1. Whether any residue in region 416-427 is in contact (Cβ under 8 Å) with a residue 40 or more places away in the chain and open to solvent by 30 Å² or more (accessible area, probe 1.4 Å) is what I want to check.
2. Would you mind stating whether Cys244 is closer than 22 Å to Val462 by Cβ and in contact with a helix residue (DSSP H, G or I) (Cβ under 8 Å, 6 or more places away or on another chain)?
3. Looking only at region 55-90, count every residue that is touching a Phe, Trp or Tyr at 6+ places or on another chain (Cβ under 7 Å) and hydrophobic (A, V, I, L, M, F, W, C) and tell me the total.
4. Between residues in region 527-540 that are farther than 18 Å from Phe414 by Cβ and residues that are exposed (fewer than 12 other Cβ atoms within 10 Å of the Cβ), which pairs lie under 7 Å by C-beta distance while being six or more apart or on different chains?
5. Kindly evaluate His402 against the criterion of being in contact with a strand residue (DSSP E or B) (Cβ under 9 Å, 6 or more places away or on another chain) and either more than 22 Å from Ile390 (Cα to Cα) or touching a residue at least 40 places away in the same chain (Cβ under 8 Å) (or both).
6. Looking at this structure, is Phe99 part of a loop (DSSP other than H, G, I, E, B), of a type in the set (Phe, Trp, Tyr) and more than 18 Å from Leu187 (Cβ to Cβ)?
7. In region 33-61, which residues are of a type outside the set (Ser, Thr, Tyr) and either within 17 Å of Arg410 (Cα to Cα) or in contact with a Pro (Cβ under 8 Å, 6 or more places away or on another chain) (or both)?
8. Kindly indicate whether Ala245 is open to solvent by less than 50 Å² (accessible area, probe 1.4 Å), in a helix (DSSP H, G or I) and closer than 26 Å to His205 by Cβ.
Amino acid sequence: MAVPKAARHAQKSPAQYSNTTIDGFSSSILPAVVVSTVTWYLLQYVVQPLFGPNEYYIDEEFHVPQAQHYCRAEFHKWDPKITTLPGLYLLSSIVLVPFMKIYDTILSLLGILDNDVLRVNDPCSLVSLRAVNAVGAPACLYYAYYRCQQHFFRNENKKTKAAKWTCMFLALNVATFPVIYAPYSMLYYTDAWATASVFLWYSSHLNNETHFLVKIIFGGFSVLCRQTNIAWLVFVSIIDVCHCAEQCFPPIKNNVSIFSYIKTFIIELYYCCSITNNKSKKLIEFFHKCLRVTCPSVIVIVSFVLFVIFLNNGDIVVGDRYAHIPRFHPMQLCYFVTFVLAFSLPWLLSQAYYKRHISNSVNKHFNLAKSFSEIYNNTSKVLVVILLIIISGLVYFNTIAHPYLLADNRHYTFYVWRLLFSPGKPVFLRYLPVPLYAYGLWLMDRTLIQSSIAYRLAYWIVTPLILCAQFLLEPRYFVVPYLMYRLHSNKHFTNNHAFMAAFIEFIAYQVFNFIIMRVFLYSPFISTMDNTGRLDRFTW
């Protein structure tokens with residue numbers, strides 16, 4: 001039977017398939033291997049020599065012994081000071097115990113190790129547990145984030161060499177993002193895998209060919225690594241429901257604002273419920289589509305809710321409950337937008353540098369003067385004043401500090417807070433960033449216009465939900481919301497200038513990582529947390 005002409009053109013030769021495979025390997029797998037190797041080298045030859053063989057850093061005092069219990073299959077033992085579910089400990093025991101047994105057996109067969117040494121070898125030693133983070137988390141985060149970007153760059157006209165290099169460097173920037181890479185990817189902390197697991201799950205969710213059981217496993221593992229990751233499953237479920245609504249009720253697509261989008265959605269649902277004709281079939285079709293698309297996420301969400309209610313006394317955290325009581329803290333959103341502006345600065349400045357080569361529709365998001373001009377000309381002055389008043393009110397009523405923030409001088413936030421917000425400082429210092437907070441919120445919303453209204457709606461529901469319940473000011477809580485924001489705000493930048501901006505951001509992040517690691521490793525100080533005279537180190 002003859003092959004149609006169009007099909008013949010669509011078919012690829014074996015050489016083309018080979019080139020595509022090699023190109024995909026070099027851009028998605030090879031950088032992950034490089035990141036993993038470099039991080040392991042830093043751990044083995046830079047970080048570990050400065051620590052004792054059993055010298056823990058802050059929370060490793062709780063995480064390492066707990067992981068070692070799991071390695072010995074002592075699952076009934078649990079440290080009540082640990083707040084997160086045992087995802088990292090399960091992963092460590094599943095990976096390390098079989099790997100180290102195989103490794104030791106091979107060495108024994110080769111005559112390198114004798115049986116006496118094999119009996120005393122600990123498969124879950126401190127350095128082995130740190131290696132679980134160093135080898136696995138940055139590489140998995142790179143691969144997952146890269147695959148997420150490929151989903152958004154899937155149009156053929158965007159698969160240019162510049163777009164692929166831009167994707168690769170943006171994914172490298174995420175894998176080596178300073179707040180979770182230096183030094184936490186080289187310590188046994190939950191942050192690196194808590195972040196990587198979210199994007200492993202998200203990349204599987206975006207791939208329609210992924211089996212629903214795989215999505216459930218990845219989603220469950222993400223929640224086991226950090227409970228607040230459940231919010232991102234809610235986030236995706238909201239987007240999926242919105243997309244189903246757009247398919248079943250086409251008028252919803254025509255809306256340009258979140259308010260009109262929600263209004264049209266409610267009207268369509270009400271109309272379907274109040275009229276007994278073919279509209280009711282549309283309603284049944286809508287619920288059927290929603291159930292089919294959101295099923296993996298809903299299973300994980302419902303399971304987590306049942307666990308919280310029936311097995312954990314209604315608490316999100318599983319330990320140290322009195323120090324982690326949720327508290328309404330909307331100022332966290334203001335601190336978050338400052339975080340976004342700070343870590344987007346290399347990208348923003350690079351885009352501004354190439355402004356002559358970028359269309360006005362894109363450039364206006366990155367030029368500060370133009371941005372303020374647009375706010376002045378196109379935004380209601382009343383709304384601006386109301387926003388400034390609301391933020392000023394939050395500063396006055398909600399500038400609160402967790403006891404940990406005020407007591408722990410090992411974290412940079414301790415010094416920032418003491419510099420700007422401590423009781424002895426002039427009160428006006430608290431209000432100086434108010435315009436910056438307002439501008440940051442406006443800029444983020446304007447940037448997210450590139451995404452769908454469904455995404456903007458879900459993002460502005462979930463992000464405040466995660467952040468505003470956190471009493472403790474902790475930059476690591478901002479990482480996943482920031483990376484999600486960047487993932488969906490970068491997807492139109494596929495030209496050579498975007499590649500240069502991504503490369504400059506990569507260089508800036510590595511300089512930042514070098515400074516953070518230099519201070520962490522080579523500027524210790526005598527601990528004031530106790531009277532033992534031990535050394536402590538600065539970190540996030």
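1. Narrowing region 416-427 to residues in contact (Cβ under 8 Å) with a residue 40 or more places away in the chain: 417.
From what's left, open to solvent by 30 Å² or more (accessible area, probe 1.4 Å): none.
For region 416-427, residues in contact (Cβ under 8 Å) with a residue 40 or more places away in the chain and open to solvent by 30 Å² or more (accessible area, probe 1.4 Å): absent.
2. Details: closer than 22 Å to Val462 by Cβ: yes; in contact with a helix residue (DSSP H, G or I) (Cβ under 8 Å, 6 or more places away or on another chain): yes.
For Cys244, the condition - closer than 22 Å to Val462 by Cβ and in contact with a helix residue (DSSP H, G or I) (Cβ under 8 Å, 6 or more places away or on another chain) - is met.
3. Result for region 55-90: 5.
4. Gly533/Ile526
5. Numbers: in contact with a strand residue (DSSP E or B) (Cβ under 9 Å, 6 or more places away or on another chain): no; either more than 22 Å from Ile390 (Cα to Cα) or touching a residue at least 40 places away in the same chain (Cβ under 8 Å) (or both): yes.
No: the conditions fail for His402.
6. Numbers: part of a loop (DSSP other than H, G, I, E, B): no; of a type in the set (Phe, Trp, Tyr): yes; more than 18 Å from Leu187 (Cβ to Cβ): yes.
So Phe99 does not fit the description; no.
7. From region 33-61, those of a type outside the set (Ser, Thr, Tyr) are 33-35, 38, 40, 42-44, 46-55, 58-61; that's our starting set.
Once the filter is applied, which keeps residues that are of a type outside the set (Ser, Thr, Tyr) and either within 17 Å of Arg410 (Cα to Cα) or in contact with a Pro (Cβ under 8 Å, 6 or more places away or on another chain) (or both), region 33-61 yields Val35, Val47, Phe51, Glu55, Ile58, Asp59, Glu60, Glu61.
8. Details: open to solvent by less than 50 Å² (accessible area, probe 1.4 Å): yes; in a helix (DSSP H, G or I): yes; closer than 26 Å to His205 by Cβ: yes.
Yes.
The values are calculated or read from the model by the stated rules, or taken from the named source; none is laboratory data. Remember, it's a predicted structure, so these values are computed and weren't measured experimentally. FYI the Cβ positions are ideal-geometry reconstructions off the backbone, even for glycines, and counts take in every protein chain you see. Side chains included, ligands, DNA and RNA excluded: accessible areas come from the protein's heavy atoms. Shrake-Rupley method; radii C 1.70, N 1.55, O 1.52, S 1.80 Å.
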